[in-house]
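Student: Okay, handing you the structure first.
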Ligand code: ADP
């Protein structure tokens, strides 16, 4: 750094370097999109200025005609994109342009495989925005001044996209941001009026702001800019146009702009609502989960407009948490322009718009599930875990959300979540009154749980729930279509009409016969159990543990404890299988010490079978070894 200039050289965040390399290689075949990305940013910058100027009109600096200008210079081989939007101050340039301010960046990098093809698909999901300039440019100069700051607060950022960038304070009378791309060798096609216009019309026609270029004329066989401006895009709000005038491609490109996504959306719903509230909504369901789906601080949700004027990004009051993956625009005709987040929180109008929009999204998903079930499963795999928060959050729409849920089940016996509650009900056995579920922390644990034995024997389907959120879901979803939803690991087993008289008599007999054994085990296990009883839910296993109907499930207790949260220790009930050889052996055991060991062993293996942890593994091993040593050699 020299003392005479204020130029400073700074290093990129390590990830940026890696990202740039990857991006240049993987996005090259689709390189035109850099222009879309830069125009999209310029448009956002204009929206932000317009919004801030609502309360401080001085920010317009007597230049209220917001626009984006694109110019090229054949001799210098540069392409320049400039806007008179909000601009950036020095800190903003460093944090927005020198770092990737995205949560999930680390996860993103950990997913990269080094396999170009796979990584290329990933980078699309990640979205690279500004950096896409380096696909066609080997040097990028960004000069900017934030609206409202004096001219001497201009900032110039320059980088060749290798390891570092320079930063310099400059004098800049113009407000906003100018980005000069020094084109790489061989990228001369972007020095053509025709090419640039065609890229803008393909990707950025929906941008609400005018995108302006100088008209050109041919002089001596050379295309030369004149002094006259022309607007290249349609410059009207896409969502305000009539549905029939919008092509699917236009809808898709608009999505990429609002969602900052490189991929096409999965589905969308465009509505003009008139009546008590007048508003337009254009809501999209993305194809992939963003990297920050589980981050509560995430950005880029629904954009709120009031009569075409951008008001705010990520208006969380407009969509409930369980639909936080939805992207798009809501444009209200009724709200005041100076609406703040605080006002939104308590606004009845907003409540009505939100509830109307939620219905639209649910309708969109129902339609997808009905007409394109495979596409719906794609959606489910990306966002199902989030939608499962729905029944707990949105009481009014509980039944509709429940109908959209998909589960793994013993019917398919794979971990693919494809079974709906409606499918399940359609397959219920004669005399079956409840929907049965089991929660566990892995698919294998659920699938092999001893609790399922009787259900498998009788051919009764059980839903296998292994997502973390499932416990929360089950505690908020007690029934569907009038049928109770029951955990097979909770409460006494009552299969009601699913059992015949002979079975019931046999059970009663076994219970009477084993009463003394049950008492003996209970005394032996003491505090370890709440109760001991004979069960008929087991066919192969000697014993299992169940919790009370109203108790927290053992799985939830483990999840909470693993997360370091306080959870009451629920004492389980031990159920024993009267027809198992081990139980018969135990019943005839007269040696008191041996009985104690075996009773404890019975309890401990039941605990292990459901994924629980032993308090005292060493004693368990000692007991087990004692038992093994008794086997005939
Ligand atoms: P994204 O747009 O997805 O946030 P980008 O890398 O494209 O990612 O941009 C990063 C940030 O830099 C933007 O969120 C914005 O704050 C800022 N930025 C980019 N371009 C401009 C611009 N033309 N004017 C003002 N700010 C900009």
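No value in this document is a laboratory result; all are computed from the given coordinates. Just so you know, these numbers come straight off a predicted model, no measurement behind them. Every residue, glycine among them, receives a Cβ derived from its backbone with ideal geometry; neighbour counts consider all protein chains shown.
Student: With the crude spin-label approximation of a point 7 Å out along Cα→Cβ, what separation in nm comes out for residue 505 versus residue 10?
Tutor: Result: 8.6 nm between the two label points.
Student: Can you classify region 488-633 as rounded, prolate or oblate using the Cα gyration tensor, where a ≥ b ≥ c are the square roots of its eigenvalues, rounded means a/c under 1.5, and otherwise it's prolate if a/b beats b/c and oblate if not?
Tutor: Verdict is oblate for region 488-633.
Student: Hey, another quick one. Taking Cα atoms of the chain, Rg/Rh with Kirkwood Rh, to two decimals?
Tutor: Rg/Rh for the chain comes to 1.11.
Student: Here's another thing I want to ask about it. Angle check, please: helix 617-629 long axis (alpha carbons) against the longest principal axis of the chain (alpha carbons), in degrees 0 to 90, nearest 10.
Tutor: The helix 617-629 is inclined about 50 degrees to the chain.
Student: Sticking to Cα atoms, compute the Rg of region 20-86 to one decimal and its Dmax as the biggest Cα-Cα distance, whole number, in Å.
Tutor: Using the Cα atoms of region 20-86, the pair Rg, Dmax is 15.5, 44 Å.
Student: Moving to a separate point now. Please give the helix 193-203 orientation as an angle from the longest Cα principal axis of the chain, in degrees from 0 to 90, rounded to the nearest 10.
Tutor: The answer is roughly 30 degrees.
Student: Here's a follow-up. With r defined as the distance between the Cβ atoms of residue 139 and residue 468 and R0 fixed at 51 Å, what FRET efficiency is calculated, to the nearest 0.05?
Tutor: 0.60
Student: Over region 384-496, what portion of Cα pair distances is larger than 19 Å, expressed as a whole percent?
Tutor: Tail fraction, whole percent: 40.
Student: If you don't mind, another one. Separation of region 1-64 and region 500-558 by C-alpha centroid, Å?
Tutor: 66
Student: Note down the relative contact order for region 384-496 as a percent, whole number, built from C-alpha pairs under 8 angstrom at least six residues apart.
Tutor: So the answer I get is 32 percent.
Student: Right, something else. For region 238-373, what does the convex hull of the Cα positions come to per residue, in cubic angstrom?
Tutor: Once divided by residue count, the hull of region 238-373 is 113 Å³.
Student: What Kirkwood hydrodynamic radius, in Å, does region 208-254 give when the mean of 1/r is taken over all pairs of distinct Cα atoms and then inverted?
Tutor: Hydrodynamic radius (Kirkwood, Cα pairs) of region 208-254 is 12.9 Å.
Student: Please state the shape class of region 123-281: rounded when a/c is under 1.5, otherwise prolate if a/b exceeds b/c and oblate if not, all from the C-alpha gyration tensor.
Tutor: Since a/c reaches 1.5 and a/b is larger than b/c, the shape of region 123-281 is classed as prolate.
Student: Next up: Rounded to the nearest 500, what is the chain's calculated 222 nm mean residue ellipticity when only DSSP H runs of at least 4 contribute -39500 (n - 2.57) each, over all residues?
Tutor: -11000 deg cm²/dmol
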